[in-house]
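Reading through the structure tokens given below for one structure.
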Amino acid sequence: MEKRRRYRYTLYFCNNKLVTLLLLLVSFCFHYTTGYCQERTTRHISSEPSPPKYQNGLRRILVSVALGAVTGLVGAFVFALIVRSFVRYLNRTPLLKGPVIFSPKIDPKTLQAALANENHLLGSSPNGKYYRTVLDTGLIIAVKRLEPFEGGSPERSVKRKIQQELEMLAGLRHRNLMSLRAYIRGPGGGFSLVYDYVPGGSLEDAMHRVRDNQLQLGWEVRLRIAVGVVKGLQYLHFECDPQVLHYNLKSTNVMLDAEFQPRLGDCGLAKLIPHLDRATSGYSAPECVRDCRYTDKSDVFSFGMILGVLLTGRDPTDPFFREPVGRGSLGQWLRHLQQAGEVREALDRSILGEEGEEDEMLMAVRIAVVCLSDCPADRPSSDELVHMLTQLHSF
């Protein structure tokens, strides 16, 4: 803190000296110009013979040009120095070492001790692993260990950018989001991210158990999951300033609590992982795969896939969609059945029940098809989707 104060004082003192120098030069130019005007007036009134006008005029022109150039250079130098000093000041933001805690329930020493011990592996991906661990206080947490940089530790500026992004993500609070409670920067540019533990696992795990007849998920529960997911997106897209995009919404990143309330995980983490391959998940919008262009409507496309999974029970990577009858993708298949008037054939047989629920499902298929439009402008916003889905059923 003392070094930062000295730096600010030095910067302030240097800037004041340069500004003073600039003001003196401007004052000199004004004084010289005023004197020159007075001299011309005096010579015009005086009857004494004047010196050769050509030499005096040329000298004045040269002096004026020189003073103007010097003044401009000094002004540009002062401006550049101020900008450079400001950038340096921003870059002097220290890289935090040790655990960075955002929750009063977590003690830094307790967290470090827990992470040093062997933890229960919940899942893994090419960019990291997901663990369950218990603190000495009895609090159960989930830890995601990311290794986003293959070539070793990143540059200091990259580390600082990641730190700022994580601090922004830690400020997100919504019942349908996995809140970041702490993080630890490890060796080699890796990070350990700490979240609340959600016992229900991911939506992907739940749907896998449904397909194996190990779990029953009725339509009301599935619709509640869909509404919770889109409410999380609504918060990110419309209540956060600046707007936050998920970037990697898929069933493995939708966590379910004991009451099957969804929470979006890995929110915004795709920005921290340069080599993340989202195209193979089957949830990415066409513009993301084709142009690497991502907007809030790309999140909506991914939600349409999740809604399609909840309605049909099929995974987007199911080999069925590579067959001619599958039309190439879940979205194309649903669109084809809708145009043919055979939408009921797409519904998961385990949720077909009463006539009123079936009407809700058929309407939900229409919503999913609109979300899966190839053109982003044709997709509804997450705010509009909340109203569409809540009108299907009162929660």
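No lab work stands behind these numbers, since they all come straight from the coordinates. Predicted model only: the values in this text are computed from it and were never measured. Heads up, the Cβs are rebuilt from the backbone with ideal geometry, glycines too, and the neighbour counts pull from every protein chain shown.
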Seminar exercise, completed: GLN339 and GLU147 label points (each 7 Å along its Cα→Cβ direction) are spaced in nm at 4.6 nm
Seminar exercise, completed: Interchain or sequence-distant (5+) residues whose placed amide H lies within less than 5 Å of the amide H of GLY123 are TYR130
For this session: With a/c under 1.5 counting as rounded, go ahead and sort segment 203-392 into rounded, prolate or oblate using the C-alpha gyration tensor (a ≥ b ≥ c being the square roots of the eigenvalues; past the cut-off, prolate if a/b is larger than b/c, else oblate).
Result: rounded
For this session: Pop a pseudo-label 7 angstrom from the Cα along the beta-carbon direction at both ARG366 and VAL289 and give the gap in nm to one decimal.
Result: 2.8 nm
For this session: Mind jotting down the distance between the C-alpha centroids of segment 347-395 and segment 99-145, whole Å?
Result: 37 Å
Exercise. For ILE141, what is the net charge nearby, where nearby means another residue's Cβ is under 13 Å from its Cβ and Lys, Arg count +1, Asp, Glu -1?
Worked result: +2
For this session: Please work out the FRET efficiency for the pair HIS208 and VAL83, using the Cβ-Cβ distance as r and a Förster radius of 51 Å; give the result to the nearest 0.05.
Result: 0.40
For this session: Could you list, in their original order, any pairs among LYS129/LYS297; LYS109/LYS297; LYS105/LYS129 whose Cα atoms are separated by more than 31 Å?
Result: LYS109/LYS297
For this session: Treating only the Cβ atoms of Lys and Arg (+1) and Asp and Glu (-1) as charged, compute the dipole magnitude of segment 100-196 about its Cα centre; round to the nearest 20 debye.
Result: 220 debye
For this session: Identify the GluC sites (Glu not before Pro) of segment 254-342 meeting these criteria: DSSP loop state and at most 13 other C-beta atoms within 10 Å of the C-beta.
Result: GLU259, GLU342
Exercise. Within a Cβ distance under 11 Å of ARG222, other residues only, what is the Lys/Arg minus Asp/Glu net charge?
Worked result: -3
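Mind giving me the FRET efficiency for ARG60 and HIS387? R0 is 51 Å, r the Cβ-Cβ distance, nearest 0.05 is fine.
0.10
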